[in-house]
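Let me begin by presenting the structure, written as structure tokens, before commenting on it.
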Amino acid sequence: MKKIKLGTSNLEAPVIAVGCMRIHTLSSKELEDFIGFSIDNGANFFDHANVYQLGHCEELFGQAFAAAKIKRESVILQTKCGIVKGDGKTVSFDFSKDEIINSVDASLKRLKTDYVDTLLLHRPDILVEPEQVAEAFDKLHSSGKVRWFGVSNQKPMQIELLKKFVKQPIIINQLQLSITNCTMLSQDLHVNQAYTDRAIDRDGGIVEYCRIKDITIQTWSPFQMAQTGLFQGSFIDNDKFPELNKKLDEIAQKYSVSKNTIAIAWILRHPANMQAVTGTTKTERLKACFQASGIRLTHKEWYEIYIAAGNLFS
């Protein structure tokens, strides 16, 4: 598995991160096997959040990890905080000092560990007081509970505001990206084109900003279909995307892999050195994702896929 350094840290991580949002669907034995399979294939980075099944996914992972007797230092654990839920629904976003610290303490307990390698602020908090975030980060870092910090779904000025107060480097920004959800890339092809809303800059040039500031972009929902809302299904083998699937199949045959592999390879081909976060709990699909680490698409192939998805130039 190819590795990259995350941001300005010395933390080396695989280019494929294993997302744990759906692991509650697995039995204890299946989850142990899932974790072991990932590690055996070099994918030792596991992405969590306190709101995944209201903490149940972290708890299940912690139990399975302990039962498998895997050395803590052999894996990289990431979790997120800041989304507050009630009755399973998001009720607020809270980046206050106490909320961040209490959330991390609860995650550590569920994960059965005394530290996480990376902590992300989960989406923006409109009422953020960066001074409180800084105090929380200082306490978590000095106590050894969190080694590195990042954000998710944030644009440049939101990150700059945090950096004015936070001492620790922001090494990660987790953003949504797939072949059919790529406005943060496609807007760059429509500069000054007033006749199309494809020219609208919706994120303040976040890709370029992260590259300039040495912030690693983690991409979530790499198979998510076009912008019809969150979690509406995959574009793979979806009859709404015949041209895309035809092109993916053509290129997949060339490399003797699956369409899932090529969809991940498309993300990894970007020179920003992104880290793709999977969402599957099926080892066969996970293996297909892992195979993308060894494939480098050509310029021509990347744009053929891009255009086949309907990301037109005009």
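The values are calculated or read from the model by the stated rules, or taken from the named source; none is laboratory data. Here the structure is a predicted model, which means the values were calculated and not measured. Note: ideal-geometry Cβ built from the backbone for every residue, glycine included; neighbour counts use all protein chains shown.
The residues of the range 54-69 that are in contact with an Asp or Glu (Cβ under 9 Å, 6 or more places away or on another chain) and within 12 Å of PHE34 (Cβ to Cβ), listed by number, are ALA64, PHE65, ALA68.
Residues in the range 272-312 that are over 12 Å from ILE262 (Cβ atoms) and acidic (Asp, Glu): GLU284 alone.
A single entry from GLY233, GLY310, GLY279 fulfils the requirement of being over 27 Å from GLU32 (Cβ atoms) and touching a strand residue (DSSP E or B) at 6+ places or on another chain (Cβ under 9 Å): GLY233.
Please verify whether the range 108-124 includes one or more residues that are of a type in the set (A, V, I, L, M, F, W, C) and surrounded by fewer than 17 Cβ atoms within 10 Å (Cβ to Cβ). Looking through the range 108-124, none of the residues is of a type in the set (A, V, I, L, M, F, W, C) and surrounded by fewer than 17 Cβ atoms within 10 Å (Cβ to Cβ). Among helices (runs of 4 or more DSSP H) entirely within the range 199-314, having at least 3 residues that are buried (at least 17 other Cβ atoms within 10 Å of the Cβ) and in contact with a Ser or Thr (Cβ under 6 Å, 6 or more places away or on another chain) singles out 283-291.
The set of residues from the range 151-197 being at positive phi and touching a Lys or Arg at 6+ places or on another chain (Cβ under 9 Å) comprises just one member, ASN153.
Determine, yes or no, whether SER142 is surrounded by fewer than 20 Cβ atoms within 10 Å (Cβ to Cβ), of a type outside the set (Asp, Glu) and within 30 Å of TYR303 (Cα to Cα). No; evaluated as a whole, the condition is false for this residue. Which count do you get for residues in the range 207-230 that are touching a strand residue (DSSP E or B) at 6+ places or on another chain (Cβ under 8 Å), modelled with pLDDT of 95 or more and among the aliphatic types (A, V, I, L, M)? Number of matching residues: 3. In this structure, ASP188 does satisfy being more than 30 Å from GLU32 (Cα to Cα), charged (D, E, K, R) and either assigned to a loop (DSSP other than H, G, I, E, B) or free of Cβ contacts under 8 Å to residues at least 24 places away in the same chain (or both).
For the range 80-98, the criterion of being among the polar types (S, T, N, Q), surrounded by fewer than 17 Cβ atoms within 10 Å (Cβ to Cβ), over 19 Å from the mean Cα position of the chain (by Cα) and modelled with pLDDT of 95 or more is met by none of the residues. From the set of residues in the range 39-72 that are basic (Lys, Arg) and within 24 Å of GLN275 (Cα to Cα), which is surrounded by the most Cβ atoms within 10 Å (Cβ to Cβ)? Checking each candidate, the answer is ARG72. Here the range 163-198 is the region considered, the condition is being touching a Gly at 6+ places or on another chain (Cβ under 8 Å) and either aromatic (Phe, Trp, Tyr) or more than 26 Å from PHE241 (Cβ to Cβ) (or both), and the residue that is surrounded by the fewest Cβ atoms within 10 Å (Cβ to Cβ) is PRO169.
Rundown of residues vs (1) touching a helix residue (DSSP H, G or I) at 6+ places or on another chain (Cβ under 9 Å); (2) loosely packed, with under 15 Cβ neighbours inside 10 Å, yes/no style:
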position: ILE4; (1), (2): no, no
position: ALA13; (1), (2): no, no
position: THR25; (1), (2): no, yes
position: GLU32; (1), (2): yes, no
position: SER74; (1), (2): yes, yes
position: GLN78; (1), (2): no, no
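Of the set (1) out of contact with any His (no Cβ under 8 Å at 6 or more places or on another chain); (2) buried (at least 18 other Cβ atoms within 10 Å of the Cβ); (3) closer than 23 Å to ASP47 by Cβ, all apply to GLU135 but (3). Among the residues of the range 141-185, those identified as touching a helix residue (DSSP H, G or I) at 6+ places or on another chain (Cβ under 6 Å) and either among the hydroxyl-bearing types (Ser, Thr, Tyr) or part of a helix (DSSP H, G or I) (or both) are PRO156, LEU161, LEU162, PHE165, MET184.
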